[in-house]
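Only one structure is covered here, and it is reproduced in the block below.
The values are calculated or read from the model by the stated rules, or taken from the named source; none is laboratory data. Everything numeric here is computed off the predicted structure, so don't read it as measured data. Every residue, glycine among them, receives a Cβ derived from its backbone with ideal geometry; neighbour counts consider all protein chains shown. What goes into the accessible areas is simple: the full protein's heavy atoms, side chains included, and nothing from ligands, DNA or RNA. Shrake-Rupley method; radii C 1.70, N 1.55, O 1.52, S 1.80 Å.
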Amino acid sequence: MPRIALISAGLAAALALGAGVYLLRPSTPARVETAAAPAAPTASPEPAAQPAGPPKVALYCQFYVFVESRPFVAFLFDQSPEDRGLYRQVYVAKADGDRTDYNAATGGQPEWRFIADVEPPRIAGRVTVPDNSQAGVAEQDIAIELREGFDAARASQTWYEASLKSIYYQNLPGKCRQAAA
């Protein structure tokens, strides 16, 4: 019995010490981490440096199988600042999680060309897709038709109706937006 009493007394002392430390701690409000506010601009005798060349513009398109809940396939393009009719593909992402990024390490970016003199206007190119041939891949023509009001010369946050025309990805409805990157 004395052993149980000794253990009980030790536990009671530990609990009392913990409660005392908790109750005697200084009450400070919880600290919230916030980002520092940007410094107010100061007057400067020199004008701010302007970015060189036209602003960077990106075209993002996503296409659906049935409904607009989750894209089946999505494309991102950078518009060439020198040639507004040239789009370089940055990536293609599919709903199954497969994503292909294009850059110098992968041998460059596929180039797509804006074609305004057809109805509806479109961007078109050639893509490499899986194939049953001995090589395992093949190139196919692909196009994205851009509807009602799309203007390759300007960026906006407006979504435009679009259609993907492709044997591999299928003919799918979707939408595109060209915005400043």
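So in the range 130-169, with the set limited to residues that are in contact (Cβ under 8 Å) with a residue 12 or more places away in the chain and among the polar types (S, T, N, Q), which one is surrounded by the most Cβ atoms within 10 Å (Cβ to Cβ)?
S163
Restricting the search to the range 116-129, which residues are part of a strand (DSSP E or B) and free of Cβ contacts under 8 Å to residues at least 24 places away in the same chain?
Answer for the range 116-129, where residues must be part of a strand (DSSP E or B) and free of Cβ contacts under 8 Å to residues at least 24 places away in the same chain: A124, R126, T128.
Please specify each residue of the range 76-89 satisfying the condition of being open to solvent by 30 Å² or more (accessible area, probe 1.4 Å) and assigned to a strand (DSSP E or B).
Those that are open to solvent by 30 Å² or more (accessible area, probe 1.4 Å) and assigned to a strand (DSSP E or B): L76, D78, R88.
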